[in-house]
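Below is one structure; the comments refer to it alone.
The values are calculated or read from the model by the stated rules, or taken from the named source; none is laboratory data. Here the structure is a predicted model, which means the values were calculated and not measured. Cβ atoms come from the backbone with ideal geometry, glycine included; neighbour counts cover every protein chain shown.
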Protein chains: 2
Amino acid sequence: MLDLHGACIIGQSGGPTAVINASIYGAICAALESENITKVLGASHGIVGVLKDDLYYLNIEEEEELRLLLNTPSSELGSCRYKMADPDTDDTDYKRILEVFQKYDVRFFFYNGGNDSMDTCEKISRYMSKVGYDCNVIGIPKTIDNDLAITDHCPGYGSAAKYIATTCMEVFKDTQVYDTGSITVIEIMGRHAGWLTAASALAGYYGAGPDLIYLPEVDFDMDKFISDVSELYKANNNVLVAVSEGIHDKNGVFISEYGANKSSKDAFGHTQLGGLAAILASAIKEKTGAKVRGIELSLLQRCASHLASKTDLDEAVLAGRMAVEAAAAGITGQMVAFERSNIDGKYHCNAKLIPLKSVANLEKKVPLEWINESKNGVTSDFIDYALPLIQGEPKRVLENSLPRFARLKKRPVPPLPKEIK
Amino acid sequence: MLDLHGACIIGQSGGPTAVINASIYGAICAALESENITKVLGASHGIVGVLKDDLYYLNIEEEEELRLLLNTPSSELGSCRYKMADPDTDDTDYKRILEVFQKYDVRFFFYNGGNDSMDTCEKISRYMSKVGYDCNVIGIPKTIDNDLAITDHCPGYGSAAKYIATTCMEVFKDTQVYDTGSITVIEIMGRHAGWLTAASALAGYYGAGPDLIYLPEVDFDMDKFISDVSELYKANNNVLVAVSEGIHDKNGVFISEYGANKSSKDAFGHTQLGGLAAILASAIKEKTGAKVRGIELSLLQRCASHLASKTDLDEAVLAGRMAVEAAAAGITGQMVAFERSNIDGKYHCNAKLIPLKSVANLEKKVPLEWINESKNGVTSDFIDYALPLIQGEPKRVLENSLPRFARLKKRPVPPLPKEIK
């Protein structure tokens, strides 16, 4: 463990969440407090900003605006989806990163993202160590998908889960109003892991949620699906279904690709884009004749900071803060992770550090034993797992009853004078 | 004005809103307080419930559950979309309604809905008066569409507008994160009137909203649209567009129908359903090559009670209460309407009564002078109009951080003994 002193760079990567900026807030606060950290720099659009030397000062922002990061969804520093080569095969990008790190005497690097970002983080950490440049690299987890390995859960999931559960409850009420009956399909994010779609079961737990839930952890059978839905439609007149965007048949073909018929054009000759919800809605309509509707929660589920979970928000701050404190204390090559414990029957979350290489590129899925026998719902184990994560209402900052988001100045870091380079 | 005594029936009709049950709550409270009203009955699924003699007691519900109607979206009594014939051409339904009214000595009828429902209300009122059956009929307005004539605005609109504005702000933030650029199209309800879509401008007013807004009040030109979007995409890299589901070309053809190519089938041979947002997204993708996304706010915008406006909620209660008080005082054939005044520069809403026949079947649209010259945005007059309507946060009732909706017993009204019939 080296007692490093120098600047830090904080970057964000991958899809945003409702609380990803809370982690940045935690990291900035801890960095400003740290005696080892001389300057707090933000990377514009993650690692792309480092490669382009596109950085800005985070230590000269107003305290009040920084605090509003807790109220601001999306990735305030800018994000990217840039895949880094392995440094052992192609070190071009890493040489450039080293150059920028040296230029600003960057000794701490924090990367806030999902499994791809932890892969980036791990590679940078490995490269810096290989070339003997002292820089402590720590990953700050985030993902609405909740699919990072080892950690009990990820910052961002609890808020997305709460949005999904609340919205499903409201949509459930809406679909019950007419005497004429209806079938509604809600499409929820999660290409490989069903954590988000499973969160719709929280709504059902309170008596106002989907009747059927399909996760990508098990193969999807269209005939079985139509029969599940038809049966319930006959019995209840109204049916609400939640499906993960990632459901696939036994051959691994995504059901969403069933609609990708390149010859379907509209009146303009444009190829039609059709979502999974629309595909399933039309399949059901054909078989049942019912009034059907497909709803895609789309970006709404990952940016709805107005329904953030206080538990999630606090844990996101904690993750950012712990990353910086660990790096300042000389630790590198790790990611902040969560461990759950029950103290007097109450949920408790402990942060710990795990090696980046143990999480990079892995995916954690919903355990098969948490999926019901009919493969169209989840068990109470899932409810027990997810319910604590959505608890608590953060204080929202409003202006004329609309959210007041942070307005950062993002003053660019000017090029250093030649002689210092 | 007759000093009537007897039972009342309350019914809901048309599409639900986030606060429609608040009007029912106001009506029930006033009915329970009234000395003229002997029994408070709810019609299951609006006028269909009356025709089927499917009624339940509302005066034996627990007070606490009734209060939770303020926290419950959708039409708790059940809704319908039943079109009544003109009583002068076909009085079958009216005879049946009279029979049910006589059976339970119903002397007050309250119908909570939009312009179709006010038409139903007007016809019932006219028929009862024609046959000499004393029954005071009052309409309680509701509609997220805000398209009822004469009234300054409608209960339900403020909350939907607030949901749309908040969501657009969050989506705006989300669409800004990547360095690679994107174009996002948000489809908002409103077949003929653009009030809801215009509400997205409230987000832009706070610096985080759509760059372009298209309302159904003016003809939509696809070439102009593509050119508007392409230009902004070149200049800003990210573009957010809000469109009303009801936009149509100069021949009156809905743009949403451009995609209704019956020959487009998916792999199952199902006809593809494609929303307007998807149609526009594919048109833009073809012309710009940009990353595009279509988002449909769908039912979410009309049931999001978690983002209700306190102003809207209070006014919804007021409308229900005033309807009952007016009927009990001997008034009939009217609808509750709102008038706005400014007292010391502050928004103030006064309720008044207007004849049902002056609103039935009419539609109020966004004034053309509130639409900008380029027909792709609204003026500050709209902001001044809409901003007061979204103000205030109602206290939400939660259970484990999820909404606690009303659970009414809805005890059915049993058939009366033969001799009383």
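Scanning region A:282-308 for residues that are part of a loop (DSSP other than H, G, I, E, B), more than 7 Å from chain B (Cβ to nearest Cβ) and buried (at least 24 other Cβ atoms within 10 Å of the Cβ) yields A:L297, A:A308.
For B:V177, only one of the following conditions fails: (1) buried (at least 24 other Cβ atoms within 10 Å of the Cβ); (2) within 11 Å of chain A (Cβ to nearest Cβ); (3) in contact (Cβ under 8 Å) with a residue 12 or more places away in the chain. What is its number? Unmet condition: (3).
Quick check: anything in region B:321-328 assigned to a strand (DSSP E or B), more than 14 Å from chain A (Cβ to nearest Cβ) and modelled with pLDDT of 95 or more? No, that holds for no residue. Of all residues in region A:353-394, those being among the basic types (K, R) and more than 17 Å from A:G156 (Cα to Cα) number 2. Any residue in region A:127-146 that is of a type in the set (S, T, N, Q), in the same structural domain as A:S74 (by TED's automatic domain parsing) and within 26 Å of B:L402 (Cα to Cα)? For region A:127-146, residues of a type in the set (S, T, N, Q), in the same structural domain as A:S74 (by TED's automatic domain parsing) and within 26 Å of B:L402 (Cα to Cα): present.
Evaluation of A:T311 against the conditions (1) touching a Leu at 6+ places or on another chain (Cβ under 9 Å); (2) facing chain B (nearest Cβ under 9 Å); (3) within 21 Å of A:V241 (Cβ to Cβ); (4) part of a helix (DSSP H, G or I) shows that the sole unmet condition is (3). When region B:128-137 is filtered for residues that are hydrophobic (A, V, I, L, M, F, W, C) and in a strand (DSSP E or B), only B:V137 remains. Restricting region A:151-168 to residues that are over 18 Å from B:G15 (Cβ atoms) and either in contact with a Gly (Cβ under 7 Å, 6 or more places away or on another chain) or hydroxyl-bearing (S, T, Y) (or both) leaves a set whose member that is farthest from the other protein chains (Cβ to nearest Cβ) is A:T151. Take the residues in region A:1-15 that are touching a strand residue (DSSP E or B) at 6+ places or on another chain (Cβ under 6 Å) and within 13 Å of chain B (Cβ to nearest Cβ), then tell me which one is nearest to A:V100 (Cα to Cα). The selected residue is A:G11. When region A:371-405 is limited to residues that are closer than 30 Å to A:K346 by Cβ and aliphatic (A, V, I, L, M), the one that is surrounded by the fewest Cβ atoms within 10 Å (Cβ to Cβ) turns out to be A:V397. If you go through region A:359-384 and pick out every residue that is at pLDDT 95 or above and either outside any helix (DSSP H, G or I) or under 14 Å from A:D147 (Cβ atoms) (or both), you end up with 13. Consider region A:51-66. How many of its residues are in contact with a Lys or Arg (Cβ under 8 Å, 6 or more places away or on another chain) and in a helix (DSSP H, G or I)? Adding up the residues that qualify gives 2.
Inspect region B:271-279 for any residue being assigned to a helix (DSSP H, G or I), closer than 14 Å to A:G275 by Cβ, modelled with pLDDT of 90 or more and within 21 Å of the chain's Cα centre (by Cα) and give the result as yes or no. Within region B:271-279 (the criterion being assigned to a helix (DSSP H, G or I), closer than 14 Å to A:G275 by Cβ, modelled with pLDDT of 90 or more and within 21 Å of the chain's Cα centre (by Cα)), the answer is yes, since at least one residue qualifies. Looking at region B:83-127 only, could you name the residues that are outside any helix (DSSP H, G or I) and surrounded by fewer than 19 Cβ atoms within 10 Å (Cβ to Cβ)? Hits for region B:83-127 are B:K83, B:A85, B:D86, B:D88, B:T89, B:D90, B:D91, B:D105. Taking the numbered list (1) crowded, with 22+ Cβ neighbours inside 10 Å; (2) closer than 30 Å to B:S341 by Cα; (3) out of contact with any Lys or Arg (no Cβ under 7 Å at 6 or more places or on another chain) in turn, B:I150 passes all entries but (1). Only a single criterion out of (1) on the phi < 0 side of the Ramachandran plot; (2) surrounded by fewer than 18 Cβ atoms within 10 Å (Cβ to Cβ); (3) in the same structural domain as A:Q176 (by TED's automatic domain parsing) is not satisfied by A:R340, namely (3). Looking at A:L69, A:L32, A:L41, A:L77, just one residue is within 14 Å of another protein chain (Cβ to nearest Cβ) and outside any loop (DSSP other than H, G, I, E, B), and that residue is A:L69.
Residues in region B:46-65 that are among the aliphatic types (A, V, I, L, M) and over 21 Å from the mean Cα position of the chain (by Cα) were compared, and the one that is farthest from the other protein chains (Cβ to nearest Cβ) is B:I60. Of all the criteria given as (1) within 19 Å of the chain's Cα centre (by Cα); (2) within 14 Å of chain A (Cβ to nearest Cβ), the one not satisfied by B:K364 is (2). Is one or more of the residues making up region B:345-352 in contact with a Phe, Trp or Tyr (Cβ under 9 Å, 6 or more places away or on another chain), within 14 Å of chain A (Cβ to nearest Cβ) and surrounded by 14 or more Cβ atoms within 10 Å (Cβ to Cβ)? No, every residue in region B:345-352 fails to be in contact with a Phe, Trp or Tyr (Cβ under 9 Å, 6 or more places away or on another chain), within 14 Å of chain A (Cβ to nearest Cβ) and surrounded by 14 or more Cβ atoms within 10 Å (Cβ to Cβ).
Restrict the check to region A:157-165 and report whether at least one residue is at pLDDT 95 or above and surrounded by fewer than 23 Cβ atoms within 10 Å (Cβ to Cβ). No, that holds for no residue. For region B:262-270, the condition of being facing chain A (nearest Cβ under 7 Å), in contact with a Gly (Cβ under 8 Å, 6 or more places away or on another chain), assigned to a helix (DSSP H, G or I) and at pLDDT below 95 holds for none of the residues. Among the residues of region A:329-350, write down those that are in contact with an Asp or Glu (Cβ under 8 Å, 6 or more places away or on another chain) and either within 25 Å of A:L313 (Cα to Cα) or among the basic types (K, R) (or both). Within region A:329-350, A:G333, A:A337, A:F338, A:E339, A:R340, A:C349, A:N350 meet the criteria. Scanning region B:340-365 for residues being within 25 Å of B:N136 (Cα to Cα) and polar (S, T, N, Q) gives a total of 3.
The residue list B:A242, B:A198, B:A193, B:A203 contains one member that is touching a helix residue (DSSP H, G or I) at 6+ places or on another chain (Cβ under 7 Å), of a type outside the set (F, W, Y), within 24 Å of B:A316 (Cβ to Cβ) and more than 11 Å from chain A (Cβ to nearest Cβ), which is B:A198. For region B:138-164, filtered to residues that are among the β-branched types (V, I, T) and not in a loop (DSSP other than H, G, I, E, B), the residue that is nearest to the chain's Cα centre (by Cα) is B:I140.
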